[in-house]
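Q: One structure, pasted below without further comment.
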Amino acid sequence: MVNGRDQWLRAGWATSIVLMILGVGGCPARQAPPSVDNGATAVAPDGSESGTAAADASSTEPRYDASASSAATNATTRSGVGSESPDSAVSAAQPGEPRMSTTTDDGPVAVGNSPNMATSHAPHQEATAANSADVLATPTATPAKNRETIPAGANLATYDELNQRIAEDWPEPQVVLFISGQQHGYLEPCGCTGLERQKGGLIRRDTLIQQLRQRGWTVLPMDVGNQVRRIGRQAEIKFQTTMEAFQIMEYQAATLGVDDLKLSSIELIQAASSDGLHSTGVISANVEILDPSFFPSHRIIEAGGRKIGVTAFLDEKFAEEVRSDDISIFPAVDRLKPVVEQMKNEGCDFLVLLAHASLERSAEVAQEVGDFDLVVTAGGYGEPTLLPEPIPGTEAVMVQCGVKGMYGGIVGLFDSAESPLRYQRIAISAQFKDSPRLLELFAKYQEQLKQAGLQGLGVTPSLHPTGRRFVGSETCGDCHTTAYEIWQGTPHSHATDSIVAPPNDRGGIPRHHDPECISCHVTGWNPQEFYPYQSGWLSLEDSPHLVGSGCENCHGPGSDHVAAENGDIDVDNDQLVALRQQMILKLDRARDKCLECHDLDNSPDFHHDGAFEEYWEQVKHYGKD
C-alpha cells in the first residue's frame, strides 16, 4: 500500500470483482477462563446466522439525541449507514471538567455532560494506518476518506478501517472494557467478495483482544446479545459455538438478545447458564428462563484496582416476540433498581448497563434507574457512533455495538480526574489476522454441521413452486451447446468447488455441509431460505450433476421442457412452445434473479450503478444454437 489510498482502491475493487465472479469463500447468511490479575482478584467466567443484515440500514428508528440543545453533539452520530459528515462536531467540556475522552487524529477530545459543560466544535478524521500484524505499528500510507465508494450497509472495510491506530495515545489504563454485540449469526464474514475486504468475525475479534492483552492491559469483554438471527438446529450450533468462543476470549459479561431467546430454553440453559460451580457471565436483571438462578441479575468484577458492577436488561416490548412459557420478561426499571442498590452496597465504583433495547429505550431506562456510568446498547443501525453520547440528566454515556459483529469498542478506565474514561470504535477488519484457536473452533462448527447432515439440521427438500424437477446443466447442454460452453467458462460452473476448498486463507475449512453456503453454490436450492428443492443438490456423492450454480438456478427446473423435447411426454405444438417459453428468463428480470445470491452481504460490488450490465457482458448467452 506504499502508493496510498487511490492505488489501494483501484487494486481492491478490481480484485473483488474477480473474486465475486469466481464465487470464492463461504456465505454466512443473506438475509461463539482464567481470572484476571492486575493487583486485584478478578471474577472471571470458567466458561464462558447468517441472516440478512442484522438491522435494516433503511429503517426509520430515530437516533437517540444525546443533547436536545446541541446540534454539534448530534453531528457526531450517523442517522443511517455511511452518512457521517467529514466535518463532524464533537461535544467538548469546559476546561478541567471532562468526564470522558476519545481519540481522533487530532488528539484526545473530551466529551461529557456535567452541569458546567459547554459544546464546542472540533474536526475529526478516521483513524489511520497501522501494520496489520501489530496494532501499534507505524502507518504505511496516508489516511483518506473513501466511504463514498462503498454501498450503504455493505460490510466492506474502508482503507482507513484496514489501517487503524488502536489507542495509540492512551496512557496505561486500569481496565479496558471490550464491547461487542448484535453478531446475528455472522461467525465469520462471507468470503465471496474476498475476506481481506470484509469486516467482522469472531476469528479476528479474538486476535484484537489478544493484542490488547499483550500490551499488559486487563481486558474485560462484554456483549449485548443477539448471537443468532434464525431458529433451528444450525442456529443452536452457532449459539453453542459463540459461547465456546466467549469462554476462549474470557468474556466477563454478556446478555441474551431477543433472537437468542427464540432458541429452545433447554439449549440456552445448556450453553449459557451459570450454576454454583460454573459461571458463563451471561446475566439479565429482567429475564428468567425456568429458574432465576440460571442467569444471575448482575456480575461484579474486580480488576485493576476497580470494582465494576455489570447488569443487563431486555426491552419489555420484545416479550410478544418471545413466545415460550419457560421465559418470563419483567419490567426493566423495577428489576434494575434493587440490583443497582445491591452493587453500590457491595462497593462497586463503576456501573455498566448492557441494554438490549433501542437507543431511546436504553437512555430512558438509564435515566429512570440512575447511577450508571456506562450504557452499552444494542440499538442503532449500521456503524456505531464515532464518539459516546452523554445521556441527559445522568452521569452516564452510551456507546453502540453496531451490527453483524463488524465493530468492537474499547472503553478504558483511568485513574485520572480529568479523563477517567476513553473510548475508541474499532472495525474488525483484515488488519487483525486470523486467530488459530478460533479457526480451530470454526472448523469444529463446520464438522458439527457435517455430522448432523441436512436431515439432522432440519433441512427438508420442498417442492419447487413450478412443480418441475431439476435435470442438471449437462442435460441443458445437449441442445444449448454454445450457452453450455459459455457457462462452463464462467465461475458459476465452479461455485461448488469454491466452498469445498475455498481459495482463501481459510481454505482448509470446507463449507459444503453448511446450508447457508450451499444455497448459492449448487443447483436446486432456495438461495434466501437455505433449503433444497425436491430433486435439488444434496451432496457431492448423490448429486454430481447439480454441482455449480447451474442453468436452472436462473431459468427454473427443466424436467418438463426436456421431456417434451425428447418426446418422453405427449404434447402438441402449442404446449411445446409454452414449455419453451417457461424456461426463458428475460433480461429485464435477470437482475432481480441475480440479487437472490448477489446480495449486499455477499456481493456488494454488484450494487453499484451499472454493475449488472458489466457482469452480464462476462456471462451473456442466448437460447439454442
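The values are calculated or read from the model by the stated rules, or taken from the named source; none is laboratory data. Not measured: the values here are computed from a predicted model. Methodologically, a virtual Cβ is constructed for each residue, glycine included, from the backbone with ideal geometry; neighbour enumeration extends over all protein chains shown. Surface accessibility is based on the protein's heavy atoms, side chains included, excluding ligands, DNA and RNA. Shrake-Rupley method; radii C 1.70, N 1.55, O 1.52, S 1.80 Å.
Q: I'm checking my understanding of the structure. Among residues of the stretch 374-405 that are out of contact with any His (no Cβ under 8 Å at 6 or more places or on another chain), buried (at least 23 other Cβ atoms within 10 Å of the Cβ) and charged (D, E, K, R), which one is modelled with the highest pLDDT?
A: Taking the candidates together, the pick is Glu389.
Q: Please pick out the residue among Lys262, Lys238 that is crowded, with 23+ Cβ neighbours inside 10 Å, farther than 20 Å from Ala427 by Cβ and of a type in the set (Lys, Arg).
A: Of the residues listed, the single one that is crowded, with 23+ Cβ neighbours inside 10 Å, farther than 20 Å from Ala427 by Cβ and of a type in the set (Lys, Arg) is Lys238.
Q: Since Thr207 meets every condition but one in (1) within 26 Å of Leu359 (Cα to Cα); (2) open to solvent by 10 Å² or more (accessible area, probe 1.4 Å); (3) of a type in the set (Ser, Thr, Tyr), which condition does it not meet?
A: (1)
Q: Being of a type in the set (D, E, K, R), part of a helix (DSSP H, G or I) and surrounded by fewer than 17 Cβ atoms within 10 Å (Cβ to Cβ) is the requirement here; does Glu360 meet it?
A: yes
Q: Here is a further query. On the given criteria, is Gln451 over 18 Å from Thr241 (Cβ atoms), surrounded by fewer than 14 Cβ atoms within 10 Å (Cβ to Cβ), modelled with pLDDT of 95 or more and not β-branched (Val, Ile, Thr)?
A: Considered against the rule, which asks whether it is over 18 Å from Thr241 (Cβ atoms), surrounded by fewer than 14 Cβ atoms within 10 Å (Cβ to Cβ), modelled with pLDDT of 95 or more and not β-branched (Val, Ile, Thr), Gln451 comes out as no.
Q: Could I ask something else about it? Can you tell me which residue within the stretch 463-477, out of those that are small (Gly, Ala, Ser) and surrounded by fewer than 20 Cβ atoms within 10 Å (Cβ to Cβ), is farthest from Pro532 (Cα to Cα)?
A: Gly477
Q: Now for a different question. Has the stretch 320-332 got any residue that is modelled with pLDDT of 95 or more, farther than 29 Å from Glu188 by Cα and open to solvent by less than 10 Å² (accessible area, probe 1.4 Å)?
A: The answer is yes; a qualifying residue exists.
Q: Is it the case that Thr241 is among the hydroxyl-bearing types (Ser, Thr, Tyr), in a loop (DSSP other than H, G, I, E, B) and either out of contact with any helix residue (DSSP H, G or I) (no Cβ under 9 Å at 6 or more places or on another chain) or over 24 Å from Thr385 (Cα atoms) (or both)?
A: no
Q: Still on this structure, I have one more. Could you tell me whether any residue of the stretch 176-199 is at pLDDT 95 or above, part of a helix (DSSP H, G or I) and closer than 17 Å to Met406 by Cβ?
A: Checking the stretch 176-199: not a single residue is at pLDDT 95 or above, part of a helix (DSSP H, G or I) and closer than 17 Å to Met406 by Cβ.
Q: Follow-up question, since we're still on this one. Answer yes if at least one residue in the stretch 212-230 is open to solvent by less than 10 Å² (accessible area, probe 1.4 Å) and either modelled with pLDDT under 95 or in a helix (DSSP H, G or I) (or both), and no otherwise.
A: Yes, there is a match, as at least one residue in the stretch 212-230 is open to solvent by less than 10 Å² (accessible area, probe 1.4 Å) and either modelled with pLDDT under 95 or in a helix (DSSP H, G or I) (or both).
Q: Hey, among the residues in the stretch 283-308 that are out of contact with any Gly (no Cβ under 9 Å at 6 or more places or on another chain) and in a strand (DSSP E or B), which one's modelled with the lowest pLDDT?
A: Within the stretch 283-308, the match that is modelled with the lowest pLDDT is Asp291.
Q: Do the conditions hold for Ala590, that is, is it at pLDDT 95 or above, over 30 Å from Lys450 (Cβ atoms) and not β-branched (Val, Ile, Thr)?
A: No, not satisfied.
Q: Collect the residues in the stretch 491-508 that are in a loop (DSSP other than H, G, I, E, B), crowded, with 18+ Cβ neighbours inside 10 Å and over 21 Å from the mean Cα position of the chain (by Cα), keeping them in residue-number order.
A: Listed by number, the residues that qualify are Ala495, Thr496.
Q: Select from the stretch 250-271 the residues that are over 20 Å from the mean Cα position of the chain (by Cα) and hydrophobic (A, V, I, L, M, F, W, C) and write down the one among them that is nearest to Ala303 (Cα to Cα).
A: Filtering first and then ranking leaves Ala271.
Q: Which one is surrounded by the fewest Cβ atoms within 10 Å (Cβ to Cβ) among residues in the stretch 509-531 that are farther than 23 Å from Lys620 by Cα and aromatic (Phe, Trp, Tyr)?
A: My answer is Tyr531.
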